[in-house]
Structures are given as C-alpha cells and as structure tokens.
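S.K.: Structure incoming, see below.
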Amino acid sequence: MKRIDRSLKVRTGFHQAKWDEPIIFELSKKGERGVLVPQADDEITKEVGDGVSKISSSMLRKEAVNLPEISQSRVLRHYVRLSQETLGADVNIEIGQGTCTVKYSPKVNEQLGKLPGMAEIHPLQDESTVQGMLEIIYETDLAMREISGMDRFSFQPSGGSQAIMAMASLVRAYHEANGEVDQRDEIITTIYSHPSDAAAPALKGYKIIYIHPDKDGYPDYEAFKSVVSEKTAAFFVANPEDTGVYNTKVQEFTELVHKNGGLCCYDQANANGLLGVTRAKEAGFDMCHFNLHKTFSTPHGCGGPATGAVGVTKELEKFMPAPLIDFDGEKYYLNYDVPNSIGKIRSFNGVAPVIMKAYAWIRSLGAEGLYEVAKIAVLNNNYMFKKLMELDCVDAPYIEGKQRIEQVRYTLEKLAKDTGVTTGDIQRRMMDFGMHYWCSHHPYYIPEPMTLEPTETPSKEDLDEYIETLKYIFNEAYETPDKFENAPFASSCHQVDESNMDDPEKWAITWRSYLKKYTEK
Amino acid sequence: MKRIGLIVNPIAGMGGRVGLKGTDGVVDKARALGAFPQAPNRAISALKALMEIKDHIEIVTYFGEMGENEAKECGFKIKVISTIKDRESNQQDTIEAAKRILEEKVDLLLFAGGDGTARDIYNAVGENLAVVGIPAGVKIHSAVYASSPKKAGELALLYLKRNVSKVKEVEVMDIDEDAFRKGIVNTRLYGYLKIPYDPKFLQGKKSGSIMNDEGAQRAIALDVINHMKEDVLYIIGPGSTTRPIMQALGLRYTLLGVDLICNRKVVKNDLTEKELLKEISDKVCKLIITPIGGQGYLFGRGNQQISSEVIKKVGKENIIVIASNHKIRELSGKHFLVDTGDEEFDISLRGYVRVTTGYREQIVYKID
Ligand SMILES: Cc1ncc(COP(=O)(O)O)c(C=O)c1O
C-alpha cells in the first residue's frame with residue numbers, strides 16, 4: 001500500500017462532508033413519530049376524563065402545533081450531518097478568527113460542566129441546596145477582581161455585547177444618581193474598538209462619537225481632546241484594539257475623561273495577551289468586561305449562552321445588576337441589597353456551566369499559568385506576524401517595526417492589486433483546506449483586511465501549517481487568479497450570494513417567514 | 001441580449017502628453033506638439049474585458065473613432081446610429097451621441113474621456129442611464145471614472161452579467177481649463193451621474209452597501225433636522241448628502257447650489273455669495289455642508305458661493321459637517337481640505353471637526 005506523502009504541510013486533500021440535507025421542516029412526514037406515547041387506558045379516562053375537554057375553549061389551540069413530525073433516527077442523522085457540514089473548533093486549526101480568541105478548551109472542563117451536581121441543579125432551588133455553585137461564582141468573582149483590579153463582578157450578562165450593554169446601563173445609572181444624566185449624552189469610542197462599544201450605548205440613547213486612529217494606529221489623542229467635555233458620559237474602548245496595537249498612553253485618555261466628570265469603560269474582550277501583565281484599574285478604568293467564552297476558555301456560545309463578566313470599582317458597586325453573590329462567613333447567598341441597581345440583565349444569575357468551566361480553567365492554571373497564557377499567546381502571534389510579514393504581498397499598517405499583542409489585522413492590498421484576488425476570495429479558498437479565515441468587522445477601514453489570532457493553544461506545527469496554507473494560496477493567487485472566482489471547491493456549500501445579507505427585504509429569519517416570503521404569492 | 005452604448009472622445013488625453021493640462025479648445029496646438037489620440041486604445045482595453053459575453057451584447061455607437069472603430073476591432077456586433085460619417089468629431093457630437101444612445105434604451109453607457117467628456121455626458125443623459133467612464137483624459141476628477149480602462153470594462157461586465165441593479169450617484173466635477181492653465185484651480189460641481197454600484201467590486205465585499213449609504217444619508221438628515229432651532233437661518237450647501245434634509249422637510253432644493261432655510265421654510269434657493277451675505281447679515285446662522293466625495297474639500301470646490309466672508313459671518317462653531325461613513329472611507333485617510341482663496345482664514349479653519357455620520361452618531365475628523 002502506498003503511504004500518503006506528508007512532506008507538504010498543506011492539506012491539499014481535504015474535503016468536507018456534503019449532504020443534501022433538507023430543512024427539518026421539509027423532512028416532516030405526517031404521522032411519523034420519534035417516541036410513541038401509549039394511549040390512555042379507557043378506565044383511566046372514565047375516572048378522570050381525557051385531560052383536554054375540561055380546559056376552557058378560549059385557552060385551547062385551534063390547530064395542532066406545526067412541528068416537524070419525524071423519527072428519532074432521522075433527527076439524529078439530521079443533526080449529525082449538519083454538524084459535519086460546519087468547520088467547528090474541533091476540526092480546524094482555529095487561528096483564522098481574529099478578535100474571537102478561539103482556543104482549545106480542555107475537554108475535562110466540559111465534563112465538569114456535565115457532572116450531575118452541576119447539570120441537574122436549578123436556579124430556583126433554595127440557596128442552601130446550591131451552596132457549591134454559589135461558591136464557584138463567588139470565587140470566580142474573587143479571581144476576576146485580582147485579574148482586573150476591579151472590586152466587584154457580575155456574571156449575569158450572557159455575552160460580551162450584553163456585558164457592554166450592562167456597562168452602558170451602569171454609566172447611565174451613575175450619572176442619574178449625580179443628577180447629570182441629561183447633560184451627559186455623549187459616548188466616545190474608537191473605530192477599531194468592537195462595534196458593540198458603540199451599538200450598546202446608542203441603544204441606551206447616547207450620541208456616539210468615533211475617534212479615528214493617528215498614523216501609528218493609536219486613537220488620535222488630539223482628536224479625542226477636542227471632544228471630551230462636560231457632555232461626555234463615558235469613554236468605551238478596547239485595548240489592544242482589533243489591530244493588535246496596544247495604546248500605551250491609555251491612561252492619558254482615562255485621566256482626561258475623569259477630569260471632565262465622565263466614566264471609563266474598558267472592553268477587555270481582547271484580554272488574552274494581558275493576563276497578569278496589565279490591569280483595568282491601573283489604566284484608570286471604572287469598569288470593564290471580560291468574555292469568559294474567549295479569554296477564559298469556555299466554548300463560544302454564539303451570542304449566548306456565554307458569559308460577559310462585568311466588573312466595577314467600589315464606587316459603582318451600588319449600581320450593579322442584582323442579585324450579587326455574597327458570603328457572610330458561613331454561607332453563600334444571593335444579595336439583593338444593591339440600592340441603585342440597574343436591575344436584572346437576564347433571568348437568574350448567569351450561565352452556570354460556563355462560569356464553572358472558566359473557574360476550572362483559572363484554577364487549573366493559577367496566577368503563573370495565566371501569565372504564561374498571555375506570554376505564549378503574544379509570542380505565537382508575533383511569530384506568525386514575523387513569518388507573514390516576510391511575504392511580499394502581506395502588510396500590516398501602523399507602528400512599523402514594533403510587535404503586536406495577541407492579534408494582527410493585516411492588509412492584502414498588494415495581493416489584491418497584483419492579482420485581483422481579494423481577501424474575501426482568500427477567505428473562501430481557505431475553506432478548501434479546512435481552515436477558518438476572517439477579514440474584519442465592517443466597514444473595512446484597513447483595505448483587504450485579514451485578522452488572525454493564534455492564542456496560546458496551537459503548537460508550532462499548527463502555526464506553521466496555517467502559515468504554509470496561506471502561502472500556498474497566495475502563490476496560487478499569483479499563478480492562477482481565475483481559480484478563486486469559483487472557490488471553495490471542497491466545502492459543504494458553494495458560494496453564497498452575500499448581497500442578500502444587505503437587503504432586509506430578502507431576509508427570512510424563520511421557516512415560517514421563509515414560506516411567507518418565498519412560496520406564498 | 002444586452003445593449004451597451006459606447007462613446008469615445010478621440011481627442012481626450014491628447015493635451016496631457018504635451019503638457020497642456022486638458023485638451024478643451026487646444027486640439028490643434030496639441031497636434032502640433034506631436035500629441036496622438038489616447039482614448040481609442042483605452043476604450044479597446046475596456047471592451048476586451050467584455051469578451052466573455054461578446055456574443056450576447058450589441059454595441060450602440062457613433063461613427064469612426066467615436067466608437068465604431070474600437071468596437072469593430074474587438075469584433076463586437078455593432079449598431080452605428082450616427083447619420084454622418086467620416087469627419088472629425090467634436091464636442092457637439094459627444095452630446096448628440098449620448099442623447100441618441102439614451103433614446104436607444106441601452107442597458108449601460110460606456111464612455112472614454114476626461115472630466116470635460118463626463119460633463120458632456122451628464123448634460124445629455126443626466127441621471128437617466130447608468131454609465132461607466134473609461135479614464136482617458138488629462139484631468140480625471142470625476143468619480144464616474146474607474147481606476148483603469150480594464151477596471152471600467154470589468155465593472156461593466158459585472159453590471160451586465162449579474163444584473164446588479166444598484167447604482168450610485170457620483171459627482172461630475174470639472175475645472176475651468178482656461179483658469180487652470182493660468183495656475184488657478186477652480187473646480188465646479190456640475191451634477192451627478194449614476195454608475196453601477198457593486199460593493200464587492202469597489203470596496204471588497206460588504207464594506208457598506210448603497211442601501212446603507214442611502215439609509216445613512218436619511219439618518220443624517222433626521223439628526224440635522226432634530227437639532228434645528230427656531231428663527232435660526234440654515235445655509236444648506238450643495239450635494240447629494242444635504243439633499244435628504246431638504247427632501248425630508250419637503251422643500252424645493254438646488255442640488256448644485258446653495259439654499260437658505262429658516263423655520264423649515266425656504267428663504268431663498270440658489271443664492272450667490274452676495275445674496276448670502278445680505279440675507280445673513282444680522283441673523284444667527286448655521287451652515288450645513290458636506291465634503292466633495294473622494295477629494296475631501298469642504299470649502300472652495302463646488303461651493304464657492306460659501307466664501308470666507310460668509311463662513312466668517314456664520315462663525316466656525318456654527319458649521320455642521322455631514323458625511324456618510326462610506327464617504328469618509330472613500331477618502332482613504334486623506335484629511336478634509338479647505339481652499340477659500342483666503343489663506344490666513346484657511347489656516348484658522350484647521351484642526352478637528354465633528355462630522356455627523358448618522359443619527360446621533362459623529363466622527364472626529366481633521367481639516368488640513
Ligand atoms: C473586543 C470585543 N468586544 C466585544 C465583543 C462581543 O462579544 P460577544 O460576541 O460575546 O457579544 C467581541 C467579540 O468578538 C470583541 O472582540
């Protein structure tokens with residue numbers, strides 16, 4: 001038998017599973033059942049009725065619920081097939097999703113999350129019966145305080161953007177308490193911070209002012225100075241921003257805002273290169289949020305169930321979402337005594353298994369381990385940065401010659417000019433090698449962007465494989481640019497017409513709205 | 001079968017090679033200096049990009065070098081609609097050809113030339129037809145031109161092949177060539193032409209779509225209107241970004257001129273500098289302006305009525321700058337520029353300015 005040649009790092013033989021898998025509603029066969037429940041015995045109905053006719057007719061459904069009718073094995077096949085058609089974290093080298101900090105999350109932590117003591121408890125149980133879970137939340141809070149320098153955390157928000165929303169609410173509550181809520185209606189942020197840093201405060205009614213970067217990619221301090229005033233409610237910023245550039249002068253920004261009576265909110269979703277190195281408190285922030293589903297190694301919950309941990313200084317504690325988890329020396333309890341609380345961010349006290357997994361991750365590493373995570377993440381990123389910058393067709397604007405933190409937003413402008421192949425084309429072609437690749441948030445301020453974030457978990461072999469694959473594809477762009485028009489070739493799905501995404505008229509979020517829009521005419 | 005109009009201004013670009021800064025009015029001089037036609041070859045480069053759908057298109061064009069020769073050379077099916085043949089063409093022919101092509105109900109008009117040609121095309125077809133400019137002239141200020149002839153052809157191909165229905169308005173700019181030769185830059189905004197808009201093609205995929213841009217302009221208008229105060233005069237500068245303000249208020253507007261409103265009513269349309277100074281002399285007044293797309297000029301291009309005198313009277317703090325994020329991005333980091341002719345005053349305008357980019361949304365941008 002011939003052995004497969006492994007000398008080339010690039011997986012040219014990859015092909016993803018492809019099923020012509022219908023929508024589950026289309027699989028429905030009238031009368032087909034997964035589990036057949038036995039009919040009620042005549043004698044039982046004689047004694048207690050049929051269970052339905054006693055319900056008042058105004059409360060009865062007129063028609064049966066329109067759910068797919070389908071056998072168990074078909075359901076199983078359906079979802080396994082769909083899972084085979086995704087490029088999940090367990091099948092590809094997750095370097096290509098810059099800003100998302102997709103790392104290998106130890107499977108043992110998954111198992112902890114599934115322990116009966118964890119999986120079978122309910123948030124409505126009496127406090128005395130869930131002391132263990134409350135302890136975990138409380139201790140995770142203590143760890144986060146140490147990591148950030150903040151004085152109190154809440155784990156209620158179930159995503160980063162929801163945590164940013166909580167911060168915007170905290171800002172509002174603070175100014176309300178000071179009688180300045182009407183005067184302070186402006187939020188300042190930067191164009192390379194996450195879009196939610198603008199979107200959440202905007203939803204809260206704030207006017208948003210964006211600062212563009214200066215020539216080094218730092219938020220332009222002079223521009224910033226020109227808009228900070230007695231109208232400033234708060235400054236929302238990520239640091240490092242999505243460019244991987246860390247603003248070393250961030251303290252000057254926070255000081256200026258404080259001098260003008262505003263608050264400073266730190267989007268620490270990009271914290272993977274900062275653990276044990278810098279803290280929100282020393283940088284002058286009043287509050288911050290971490291994404292447990294990124295930096296703290298719990299799987300990404302896709303807009304929730306995940307956890308955006310929000311932390312604040314002592315002064316702002318009284319505005320926190322209630323309840324907080326406290327310890328009175330003997331027992332852990334839900335503390336509703338939060339006088340100016342912004343209220344609940346979501347039902348119950350956060351996504352317990354996610355907090356549990358983050359807690360396990362933190363405890364397994366300890367302080368030294370967390371620092372090691374940051375160090376390796378930064379080194380991995382800069383190794384990759386160096387290797388890619390050696391290529392003629394890759395560049396990265398700003399702070400020339402200096403290193404980046406944990407991610408880099410590159411530009412493939414030269415490649416696109418030379419070959420006509422765009423970053424979007426590269427993205428599609430990467431799928432043919434079973435790899436994710438992300439361009440950037442919109443709008444593209446950096447032309448033909450490519451954002452990569454290796455984190456601490458890939459090995460050198462993994463990094464090299466990703467780099468070699470990129471090189472292979474860049475080379476292809478120069479030699480056979482036409483090929484890209486029809487990529488991907490080895491993916492589950494061919495090209496999707498993305499223009500539909502820009503047109504709400506074409507959106508169908510549910511099966512029912514699809515039927516309404518596209519089949520009933 | 002798709003039908004494409006084709007107009008080549010054969011003399012476009014001849015002046016440049018021989019240092020004449022434009023060819024309007026000086027063709028003979030250019031010839032004498034040894035200039036030879038640039039546009040035909042450039043038009044051919046653009047047409048070559050359409051080869052893959054060659055059998056599915058018909059080119060509607062004018063005689064000789066105005067399109068017939070170029071289309072023939074590439075082997076396209078042609079319909080020549082001019083009555084006259086074989087003489088030297090002139091500016092009037094360009095306008096006439098564009099008008100006739102519009103009547104022919106083509107899917108798209110491709111034209112090769114410079115800023116002067118774009119102006120002629122604008123005069124003939126206005127916003128009634130999607131066009132793509134093949135850059136061939138000496139001066140190319142108008143965004144109607146693709147960055148190269150090949151790109152012009154490719155954009156046309158995308159428009160025809162995928163039936164991209166979206167178009168966007170771009171400024172038709174030109175400078176007064178007589179003045180330019182004497183060293184005076186005097187750019188005017190003549191109007192708007194519609195070019196196919198494929199975000200994938202222009203900016204990399206999804207870097208904002210035309211729907212978003214229109215939406216942004218409406219959002220900007222809402223923001224501006226929300227902040228309008230009673231009895232304050234508002235000078236509305238020219239452009240497609242300020243237009244939605246007037247539209248939302250249901251007021252008559254001058255797209256290329258300056259209008260004055262107060263308490264949601266028009267005080268006067270299309271004012272000259274003198275009229276402006278007179279109207280605002282003893283009143284509180286605010287000025288709403290937008291930069292010229294792609295160039296970033298806030299003052300001194302396309303809005304000369306708003307002179308340094310007018311701006312001084314209004315006061316720097318009363319300038320409201322508006323622009324969609326798309327427009328800002330198209331400046332590719334270039335700062336705003338001012339050129340009122342009063343250098344000292346221009347310097348005083350330098351620094352940072354807030355730009356309204358949406359409803360309750362601003363960016364801070366630098367003026368140089
Ligand atoms: C810097 C930054 N802030 C906020 C978020 C939002 O987090 P989430 O996706 O959990 O809402 C992200 C997510 O990528 C991010 O990178």
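S.K.: Going by Cα centres, the stretch A:1-69 and the stretch A:468-492 are how many Å apart?
M.R.: 39 Å
S.K.: Whole-Å semi-axes of the stretch A:114-193's equivalent ellipsoid, largest first, each the root of 5 times a Cα gyration tensor eigenvalue?
M.R.: Output for the stretch A:114-193: semi-axes of 33, 15, 13 Å.
S.K.: Take the alpha carbon atoms of the stretch B:304-368, find their center, do the same for the stretch A:227-304, and report the distance between the two centers in whole angstrom.
M.R.: The stretch B:304-368 and the stretch A:227-304 have Cα centres separated by 31 Å.
S.K.: Using the charge dipole of chain A (Lys, Arg: +1 at Cβ; Asp, Glu: -1 at Cβ; taken about the Cα centre), state which of A:Ala200, A:Gln407, A:Thr12 has its Cα farthest towards the positive end.
M.R.: A:Thr12
S.K.: Separate question: Over the stretch A:345-397, what per residue volume does the convex hull of the Cα atoms give, in whole Å³? Walk me through the numbers on the way to the answer.
M.R.: Numbers: hull volume 8.2 nm³, N = 53.
Dividing the Cα hull volume of the stretch A:345-397 by its residue count gives 154 Å³.
S.K.: Here's another thing I want to ask about it. In whole Hz, what ³J(HN,Hα) sequence does the stretch A:19-30 give by Karplus (6.51, -1.76, 1.60; θ = phi - 60°), x for Gly and Pro?
M.R.: So the J values, rounded to whole Hz, are 10, 7, 7, x, 5, 4, 5, 6, 7, 4, 10, 3.
S.K.: Counting heavy atoms of the protein chains only and a 1.4 Å probe, report the per residue accessible area for chain A as a whole number of Å².
M.R.: 50 Å²
S.K.: Let me ask something else about it. Quick query: amide H of B:Met173 versus all other amide H atoms, modeled in the peptide plane; which residues come in under 5 Å with a sequence gap of 5 or more or a different chain?
M.R.: B:Ser142, B:Ala143, B:Tyr190
S.K.: How much accessible surface area, in Å² rounded to 10, belongs to the heavy atoms of B:Ser147 with a 1.4 Å probe?
M.R.: My reading of the accessible area for B:Ser147 is about 100 Å².
S.K.: Something else: Arrange the residues A:Ile24, B:Ile261 by how much accessible surface each exposes, largest first, with a 1.4 angstrom probe.
M.R.: Ranking A:Ile24, B:Ile261 by accessible area, largest first, yields A:Ile24, B:Ile261.
S.K.: Moving to a separate point now. Which one of A:Ser169, A:Val277, A:Gln156 has its Cα pushed farthest toward the positive end of the charge dipole of the stretch A:124-280, where Lys and Arg give +1 and Asp and Glu give -1 at the Cβ?
M.R.: Positive-end residue among those listed: A:Ser169.
S.K.: Shifting gears a bit: Let me know the whole percent of all Cα-Cα pairs from the stretch A:378-521 that are separated by more than 23 Å.
M.R.: Every Cα pair in the stretch A:378-521 considered, those over 23 Å come to 44 percent.
S.K.: Rounded to the nearest 10 Å², what accessible area does A:Leu60 show when all protein chains are kept and the probe is 1.4 Å?
M.R.: 70 Å²
S.K.: Could you list, bin by bin from short to long, the percent of Cα-Cα pairs of chain A in 10 Å steps?
M.R.: The percentages, shortest bin first, are 3, 16, 23, 24, 19, 10, 4, 1, 0.
S.K.: In peptide B:351-363, how many Cβ atoms from other protein chains are near each Cβ within 10 Å, on average? Intermediate values should be presented prior to the final figure.
M.R.: Numbers: counts 3, 9, 2, 5, 2, 1, 3, 2, 3, 10, 7, 7, 8.
Average neighbour count from other chains, rounded to a whole number: 5.
S.K.: Could you report chain B's accessible area per residue, 1.4 Å probe, as an integer in Å²?
M.R.: 42 Å²
S.K.: Between chains B and A, what is the buried accessible area in Å², counting both sides, with a 1.4 Å probe and ligands, DNA and RNA left out, to the nearest 100?
M.R.: 2300 Å²
S.K.: Tell me, rounded to the nearest percent, the portion of alpha carbon pairs in the stretch A:282-330 spaced more than 13 Å apart.
M.R.: Above the 13 Å cut-off, the stretch A:282-330 has 68 percent of its Cα pairs.
S.K.: Need one value: the accessible area of B:Asp346 in square angstrom, 1.4 angstrom probe, rounded to the nearest 10.
M.R.: About 20 Å², ignoring ligands and nucleic acids.
S.K.: Shifting gears a bit: Can you tell me the equivalent ellipsoid semi-axes for the protein assembly as shown? Use √(5λ) from the Cα gyration tensor, largest first, whole Å. Before the final figure, lay out the partial values.
M.R.: Details: eigenvalues 574, 266, 170 Å².
Each semi-axis is √(5λ); the values are 54, 36, 29 Å.
S.K.: Report the extension gain between A:Asp418 and A:Tyr104 in nm, rounded to one decimal, defined as 0.36 nm multiplied by the number of residues separating them, less their alpha carbon distance.
M.R.: Full extension from A:Asp418 to A:Tyr104 adds 109.4 nm.
S.K.: If the reach is capped at under 19 angstrom between alpha carbons, list the aspartates and glutamates near A:Lys318, excluding any in the same chain fewer than eight residues apart.
M.R.: Result set, ordered by chain and number: A:Asp141, A:Asp151, A:Glu176, A:Glu180, A:Asp286, A:Asp326, A:Asp328, A:Asp337.
S.K.: With no solvent and one equal point scatterer placed on each C-alpha of the stretch A:329-373, evaluate the Debye formula and give log10 I(q)/I(0) for q = 0.16, 0.29, 0.34 Å⁻¹, two decimals.
M.R.: -0.72, -1.01, -1.14
S.K.: Now a separate question. Just to be sure I follow: if Rg is taken over the C-alpha atoms of the stretch A:107-153 and Rh is the Kirkwood radius over the same atoms, what is Rg/Rh?
M.R.: 1.06
S.K.: Show me the trypsin sites (Lys or Arg not before Pro) within the stretch A:23-63 that DSSP assigns to loop and that have at most 13 other Cβ atoms within 10 Å of their Cβ.
M.R.: Within the stretch A:23-63, the qualifying trypsin sites (Lys or Arg not before Pro) (loop, at most 13 other Cβ atoms within 10 Å) are A:Lys29, A:Lys30, A:Arg33, A:Lys54, A:Arg61, A:Lys62.
S.K.: A follow-up question, please. Just to be sure I understand: of the beta bridges DSSP finds with both ends in the protein assembly as shown, what percent are antiparallel, rounded to 5?
M.R.: Antiparallel: roughly 45 percent of the beta bridges in the protein assembly as shown.
S.K.: About its Cα centre, how strong a charge dipole does chain B have in debye, to the nearest 20, once Lys and Arg get +1 and Asp and Glu get -1 at the Cβ?
M.R.: I would put it at about 960 debye.
S.K.: Using +1 on the beta carbon of Lys and Arg, -1 on that of Asp and Glu, and nothing else charged, what's the dipole of the stretch B:211-367 about the Cα centre, debye to 20?
M.R.: Dipole size: approximately 340 debye.
S.K.: Pull up all non-local amide H partners of A:Gln268: gap of 5 or more, or a different chain, and H-to-H distance under 5 Å with H placed in the peptide plane.
M.R.: Amide H to amide H, under 5 Å and 5 or more residues apart or across chains, A:Gln268 pairs with A:His289.
S.K.: Rank these by accessible area, largest first, 1.4 Å probe: A:Met59, A:Met431, B:Met66.
M.R.: Solvent-accessible surface, decreasing: A:Met59, A:Met431, B:Met66.
S.K.: Go ahead and estimate [θ] at 222 nm for the protein assembly as shown from helices alone: -39,500 (n - 2.57) per DSSP H run with n ≥ 4, summed, over the residue count, rounded to 500.
M.R.: On the way: 30 runs with 298 residues, N = 889.
Dividing the helical sum by the residues of the protein assembly as shown leaves -10000 deg cm²/dmol.
S.K.: Whats the longest run of chain B with zero trypsin sites (Lys or Arg not before Pro) that are DSSP loop and have at most 14 other Cβ atoms within 10 Å?
M.R.: With trypsin sites (Lys or Arg not before Pro) excluded where exposed in loops, chain B gives B:1-84 as its longest stretch.
S.K.: Using θ = phi - 60° and the Karplus form 6.51 cos²θ - 1.76 cosθ + 1.60, what ³J(HN,Hα) does each residue of the stretch A:413-422 get, whole Hz, x for Gly and Pro?
M.R.: Ordered by residue, 3J(HN,Hα) equals 4, 5, 4, 5, 5, 5, 10, x, 7, 9 Hz.
S.K.: While we're on this one: Beyond 36 Å, what percent of the Cα pairs of chain B remain?
M.R.: Details: 18300 of 67528 pairs.
Considering chain B, 27 percent of its Cα-Cα pairs are separated by more than 36 Å.
S.K.: Counting only DSSP beta bridges with both residues in chain A, tell me the antiparallel percent, nearest 5.
M.R.: Values: 19 of 35 bridges.
Percentage antiparallel, nearest 5: 55.
S.K.: Could you work out the longest stretch of chain A that avoids the chymotrypsin sites (Phe, Trp or Tyr not before Pro) located in DSSP loops with at most 16 other Cβ atoms within 10 Å?
M.R.: Longest gap between qualifying sites, sites excluded: A:105-335.
S.K.: Filter B:Lys29/B:Lys79; A:Lys103/A:Lys231; A:Lys225/B:Lys278; B:Lys166/B:Lys229; A:Lys294/A:Lys417; A:Lys331/A:Lys357 down to the pairs with a C-alpha to C-alpha distance above 30 Å, please.
M.R.: B:Lys29/B:Lys79; A:Lys103/A:Lys231; A:Lys225/B:Lys278; B:Lys166/B:Lys229; A:Lys294/A:Lys417
S.K.: Here is the link list: B:Lys334/B:Lys366; B:Lys48/B:Lys72; A:Lys207/B:Lys312. Which ones come out longer than 18 Å on Cα distance?
M.R.: A:Lys207/B:Lys312
S.K.: At a cut-off of 30 Å², which residues of the stretch A:424-462 become less accessible once all protein chains are present than in their chain alone, using a 1.4 Å probe?
M.R.: Those residues are A:His442, A:Pro443, A:Tyr444, A:Tyr445.
S.K.: Restricting attention to the stretch B:38-127, which GluC sites (Glu not before Pro) occupy a DSSP loop and are surrounded by at most 10 other Cβ atoms within 10 Å?
M.R.: Working: sites: B:Glu52, B:Glu58, B:Glu65, B:Glu68, B:Glu70, B:Glu73, B:Glu88, B:Glu96, B:Glu103, B:Glu104, B:Glu127; in loops: B:Glu88, B:Glu104, B:Glu127.
Filter output for the stretch B:38-127: B:Glu88.
S.K.: As a test of reading the structure, rank A:Thr248, A:Thr101 by solvent-accessible area (1.4 Å probe, protein chains only), most first.
M.R.: Listed by decreasing accessible area, they come as A:Thr248, A:Thr101.
S.K.: Among B:Phe299, B:Gly333, B:Pro244, whose Cα projects farthest towards the positive end of the dipole of the stretch B:211-367, with charges put on the beta-carbon of Lys, Arg (+1) and Asp, Glu (-1)?
M.R.: Of B:Phe299, B:Gly333, B:Pro244, it is B:Pro244.
S.K.: For the protein assembly as shown, which whole percent of the accessible surface, found with a 1.4 angstrom probe, sits on carbon and sulfur atoms?
M.R.: 51 percent
S.K.: Next question, about the same structure. Which value in Å is the Kirkwood Rh of the stretch B:211-367 over different Cα pairs? Before the final figure, lay out each step's value.
M.R.: On the way: mean 1/r = 0.0648 Å⁻¹.
Evaluated on the stretch B:211-367, it is 15.4 Å.
S.K.: For the stretch A:387-479, state which trypsin sites (Lys or Arg not before Pro) are in a DSSP loop and have at most 15 other beta carbons lying within 10 Å of their beta carbon.
M.R.: Answer by residue number: A:Lys402.
S.K.: Further question: Based on alpha-carbon centroids, what's the gap between the stretch A:153-203 and the stretch B:92-152 in Å, whole number please?
M.R.: Distance between centres, Cα-based: 49 Å.
The values are calculated or read from the model by the stated rules, or taken from the named source; none is laboratory data. No experiment lies behind these values; they were computed from the predicted model shown. Virtual Cβ from ideal backbone geometry, glycine too; neighbours counted across all protein chains shown. Surface accessibility is based on the protein's heavy atoms, side chains included, excluding ligands, DNA and RNA. Shrake-Rupley method; radii C 1.70, N 1.55, O 1.52, S 1.80 Å.
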